[in-house]
Amino acid sequence: MDLQMPVMDGFDATENILKMIKDNPEKTSHACNIVALTSYTDNKTIERCYSIGMKDVIHKPLDYNTLKRIVMIYHYGLSEPQY
């Protein structure tokens, strides 16, 4: 989730998505793992991401290894990439 989007920022979008899931559990068959993508690295931003329900925070510029790690953890449920 990009935190800096036009019209609705990533914080509001995440809150809305998680509220929809909570309000409609019968329509959701799996967990929703939202990961923040931001150029801000300050603790206040990172703490806000976690406090609203994001699972992780990654920083711009995004590199391949970071993206691969996030997919392996949150899609495949692995703590480390399996080669």
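Select from the stretch 31-65 the residues that are open to solvent by less than 50 Å² (accessible area, probe 1.4 Å) and β-branched (Val, Ile, Thr) and write down the one among them that is farthest from Gly77 (Cα to Cα).
In the first step, residues of the stretch 31-65 are kept if they are open to solvent by less than 50 Å² (accessible area, probe 1.4 Å); the result is 32, 34-38, 45-46, 49, 52-54, 56-58.
After this cut, where a residue has to be β-branched (Val, Ile, Thr) as well, the list is 34-35, 38, 45-46, 52, 57-58.
Working: Ile34: 14, Val35: 14, Thr38: 23, Thr45: 26, Ile46: 22, Ile52: 21, Val57: 17, Ile58: 17 Å.
The selected residue is Thr45.
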- Note on the structure: Matching residues in the stretch 7-30 (modelled with pLDDT under 90, open to solvent by 70 Å² or more (accessible area, probe 1.4 Å) and part of a loop (DSSP other than H, G, I, E, B)) number 2
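The values are calculated or read from the model by the stated rules, or taken from the named source; none is laboratory data. Treat the numbers as computed from the prediction; the structure is a model and nothing was measured. Just the protein is used for accessible areas: all its heavy atoms, side chains included, with ligands, DNA and RNA removed. Shrake-Rupley method; radii C 1.70, N 1.55, O 1.52, S 1.80 Å.
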